Every structure is written in C-alpha cells, then in structure tokens.
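The values are calculated or read from the model by the stated rules, or taken from the named source; none is laboratory data. Since the structure is predicted, the reported quantities are computational estimates derived from the model, not experimental observations. Backbone-built Cβ (ideal geometry, glycine too); neighbour counts: all protein chains shown.
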Amino acid sequence: MTARASGLVPALRPGFCQLWWASARDAHPLLRGLLDEGERARGDLLRQPTARALHLTAHALARTVAAAHLGVPAGELELTATCKRCGGPHGKPRPPRPLGLSWSHSGDRVVVALALGTEVGVDVERIAPFAPETAERVLCGPELTVLAALPATRRPAGFVRYWTRKEALLKSTGDGLSVAPELLHVTAPDAWPRLLSWEGPERPRLPLYLYDLDAGAGHLAALASVGTPVRPTRHDGSALLAAVVTSADAPGTCDPTLLTSERPLAS
C-alpha cells in the first residue's frame, strides 16, 4: 500500500489548522537526514539528551508534514527566516507559500502547526513551579492581579496559561520575544482565550485569534492565527515519524514525498 493511499497526512483545507503531536521518545538517528546542516549543528550544541531529542523530533516532524503538503522531499524543503526588526537571517521559520508553519516543544511534548494561507503560532509548555520574578517580567498589571488572586496551588498552571497564549500570539506575527510579552494583555486563565490589548507601535493591523489546546497531563498549549480564524485538528505525529523511520530502514515501503492523501499544494 502506498503512503498516498494510506493518507498519513490528510489534505490541508483552507480555514483549518493541522496540529501534529509527538514526543521526545520519537527521536531516531535516521531522522537527522531530514534536517539541514544548520539544524543538525544547532541540535549538536544542546547538552541535554532530552533537549537534543526534542529538537530533532520537532524539526523532523515540521519538515515531514510541510514537505508532504508541498510534494517535495523533506530534506530538500527550504525554510527561510528573516527578522522583522533587522532583516537578518533569523526569526520565524517560513516554508514556501501558501503554508503557514509553527512549532514548539517543552517537557515531553512536541507540536507542529500548519495552516493554508494563514500565519499561525503555537506554543506548548510544561507546567513548572511558579516563579513570581518571572511573572513580573512578562505579565502586565491586570494579569498579575488575577494571578495573585488565584489559590497558590493554581498559580503555576495559571502563569503557564498566560505564557502560552502570549507566546503563540508573538510567534504568529513573527515578532517573537523582540516584543516584550508584558505589552500584551490576554484574558484570565479560566476565561475564553482572547487578546484584550497590545501596547506599542508593533501592534498588528490584522485581527488575531487565540485558542487553548489540550496538551495532555502536565502541559498547556495555545494556538494563534493572524487575520482569519482557523479550526484546529489533531494528528498523530508519532505515527508519522515512525513511518518515516520505517521507510528509511526499508527503502520503497513509503515514499516521503507522497505522504499526503491528495494532490500536493505545489503541484
């Protein structure tokens, strides 16, 4: 059975955002062949084995899914990054249009988000012990007030909820942490996710849409889209990477350029 027939990567429809979930356990040495030289070099600089595994899984998964939609080999996919501030070769990784792409990893989770014709940003974070000094650096006044009113046992998750929402928004616009997170004001952790205000000249002209995601036990995640809302759909990145590894072990069992169930976007 061909990979195209098995539909490992469903067709990407306008108005939807595919979310591919995997973990550090999915890292496999054969996946290194999907990364470019820069990605491999940056991964090699990471000292912790878990950090290296997350880096490899995230980059391999992002390349596999984006390449499948575009109908090109994952190892040949061109991802460009241009800083919005200085124009330098760094910033949000972008595949060829019309794909919007973002990825994140933390703890044991990896998530890759793709949308058609819409820029997206995704962030996943492990719920860590609450650090008040960190909250004071990245939250605005009203957010700090809400967080302080929560029971102490709920503050770690409350802070991470705030952080994932802000990070997703800043990644969707391509600003990243070049914009101070405290300039953004988002709704309270228990409220429907929404951007309430964005101070400063960097405020985007297009509307931003925000979504909380189910990241599993011990983690929280958020997704943001620019200009138009999207409908998130969940997909098994672990199974996809396992198929890629199998194809590398036994050439001919799965063509990585034909992972989509329909005609590639680039055709």
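Of all residues in segment 38-96 being more than 28 Å from VAL179 (Cα to Cα) and of a type in the set (Ser, Thr, Tyr), which is surrounded by the fewest Cβ atoms within 10 Å (Cβ to Cβ)?
THR50
Just checking, does segment 176-191 include any residue being closer than 27 Å to ALA22 by Cα, modelled with pLDDT under 95 and buried (at least 16 other Cβ atoms within 10 Å of the Cβ)?
The answer is yes, given that some residue of segment 176-191 is closer than 27 Å to ALA22 by Cα, modelled with pLDDT under 95 and buried (at least 16 other Cβ atoms within 10 Å of the Cβ).
What pairs can you find where one residue is in segment 202-213 and farther than 14 Å from TRP192 by Cβ and not assigned by TED's automatic domain parsing to the domain that holds CYS86, the other is in a loop (DSSP other than H, G, I, E, B) and of a type in the set (Gly, Ala, Ser), and their Cβ atoms are less than 7 Å apart, with a gap of 6+ or different chains?
Matching pairs, first to second residue: LEU206/GLY227; PRO207/GLY227.
Inspect segment 157-176 for any residue being touching an Asp or Glu at 6+ places or on another chain (Cβ under 8 Å), touching a residue at least 24 places away in the same chain (Cβ under 8 Å), more than 18 Å from ALA215 (Cβ to Cβ) and among the small types (Gly, Ala, Ser) and give the result as yes or no.
Taking every residue of segment 157-176 in turn, at least one turns out to be touching an Asp or Glu at 6+ places or on another chain (Cβ under 8 Å), touching a residue at least 24 places away in the same chain (Cβ under 8 Å), more than 18 Å from ALA215 (Cβ to Cβ) and among the small types (Gly, Ala, Ser).
Across segment 200-217, which residue is farthest from ALA168 (Cα to Cα) among those that are of a type outside the set (A, V, I, L, M, F, W, C) and surrounded by 13 or more Cβ atoms within 10 Å (Cβ to Cβ)?
GLY216
Only one of ARG161, ARG126, ARG194 is under 25 Å from ALA62 (Cα atoms), modelled with pLDDT of 95 or more and surrounded by fewer than 18 Cβ atoms within 10 Å (Cβ to Cβ). Can you tell me which?
ARG126
Checking the conditions here, which among LEU70, LEU101 is under 18 Å from ASP236 (Cα atoms) and either of a type outside the set (Gly, Ala, Ser) or out of contact with any Gly (no Cβ under 7 Å at 6 or more places or on another chain) (or both)?
Sole residue among the options that is under 18 Å from ASP236 (Cα atoms) and either of a type outside the set (Gly, Ala, Ser) or out of contact with any Gly (no Cβ under 7 Å at 6 or more places or on another chain) (or both): LEU101.
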